[in-house]
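A short worksheet on the structure shown next.
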Amino acid sequence: MKILGIIPARYASTRFPGKPLVDITGKVMIQRVYEQCVKCPSLDDVIVATDDERILNHIHDFGGKAVMTSPDHQSGTDRCAEVATNYPEYEVVINIQGDEPYIDPVQISKVAACFNTPDTQIATLIKKITAADDLTNVNSPKVIINKLSEAIYFSRTAIPYLRGHEPHEWLKHFTYFKHIGIYGFRSEVLQQVTRLPISSLEKAESLEQLRWIENGYRIRIAETDLETQAVDTPEDLQKLPK
């Protein structure tokens, strides 16, 4: 089974324009993500998918692989799908966030391992929530799963609602999980989900994975105990390890 890692990298970010090229202790962010990905033994190749020649040129300057994609894509998933059409030899595509400069290759391998099960269509990661701030943070989606280790639902609010306990006590009485935003797809499934129209649940929560669930696709879950550090705003740079 051949697995392709794709890192979508868009220059124009509402909250942090030019984010992929921000310097992090001597290397730009997209380079750090790329270098972490190529360490992963589960990936047969790694490609950056971008809409900006500045990013493309920087990747090529340090010897990485990058391709230009349409500027009209609404999501990183759509950008991955465009690239994947040119690499039909890969059975699985893993969409790796371009704003997590210190992503651990072990996390990528956990997603890749989900496809050892032949009926896996889509795979992603979850992590147990231990801090109350994560439970209430609307920018950190939560997920509930079934007995088959498949996602039932994702939400920006804490799910499930724990009746009989005050919200500040919920973590003491129930195990909650947050979603770690890395996705693996069977190649044919990736093409299928990007052709689906935006769904009502996706529109309500602004979470594209709900479109897939609403249309009957199954999302297999793997659990990690490793934390991720995404850079969404300039202030997040101060939280990164020095």
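The values are calculated or read from the model by the stated rules, or taken from the named source; none is laboratory data. All of these numbers come straight from a predicted model, not from anything done at the bench. Backbone-built Cβ (ideal geometry, glycine too); neighbour counts: all protein chains shown.
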(request) For Ala9, state whether it is surrounded by 20 or more Cβ atoms within 10 Å (Cβ to Cβ), in contact with a Gly (Cβ under 8 Å, 6 or more places away or on another chain) and of a type in the set (Gly, Ala, Ser). (result) yes
(message) Can you pull out every residue in segment 141-174 that is in a loop (DSSP other than H, G, I, E, B), over 30 Å from Glu91 (Cα atoms) and not acidic (Asp, Glu)?
(response) Arg156, Thr157, Ala158, Ile159, Pro160, Tyr161, Leu162, Arg163, Gly164, His165, Phe174
(request) Output the residues belonging to segment 74-96 that are surrounded by fewer than 18 Cβ atoms within 10 Å (Cβ to Cβ), among the acidic types (Asp, Glu) and within 18 Å of Thr124 (Cβ to Cβ). (result) Glu91
(request) Can you confirm whether segment 80-91 contains a residue that is modelled with pLDDT of 95 or more, of a type in the set (D, E, K, R), touching a Ser or Thr at 6+ places or on another chain (Cβ under 7 Å) and not in a strand (DSSP E or B)? (result) yes
(request) Kindly indicate whether any position in segment 122-138 is buried (at least 18 other Cβ atoms within 10 Å of the Cβ), out of contact with any Lys or Arg (no Cβ under 7 Å at 6 or more places or on another chain) and not in a strand (DSSP E or B). (result) yes
(request) Quickly run through segment 100-141 and pick out the residues that are under 14 Å from the mean Cα position of the chain (by Cα) and of a type in the set (Ser, Thr, Tyr). (result) Tyr102, Ser109, Thr124, Ser140
(request) Identify, from the list Ile59, Ile103, the residue that is of a type in the set (A, V, I, L, M, F, W, C), part of a helix (DSSP H, G or I) and crowded, with 16+ Cβ neighbours inside 10 Å. (result) Ile59
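Let me confirm something: among Asn139, Asn146, Asn116, Asn95, which residue is out of contact with any strand residue (DSSP E or B) (no Cβ under 7 Å at 6 or more places or on another chain) and under 17 Å from Gln209 (Cα atoms)?
Details: Asn146 fails: out of contact with any strand residue (DSSP E or B) (no Cβ under 7 Å at 6 or more places or on another chain); Asn116 fails: under 17 Å from Gln209 (Cα atoms); Asn95 fails: out of contact with any strand residue (DSSP E or B) (no Cβ under 7 Å at 6 or more places or on another chain).
Only one candidate qualifies: Asn139.
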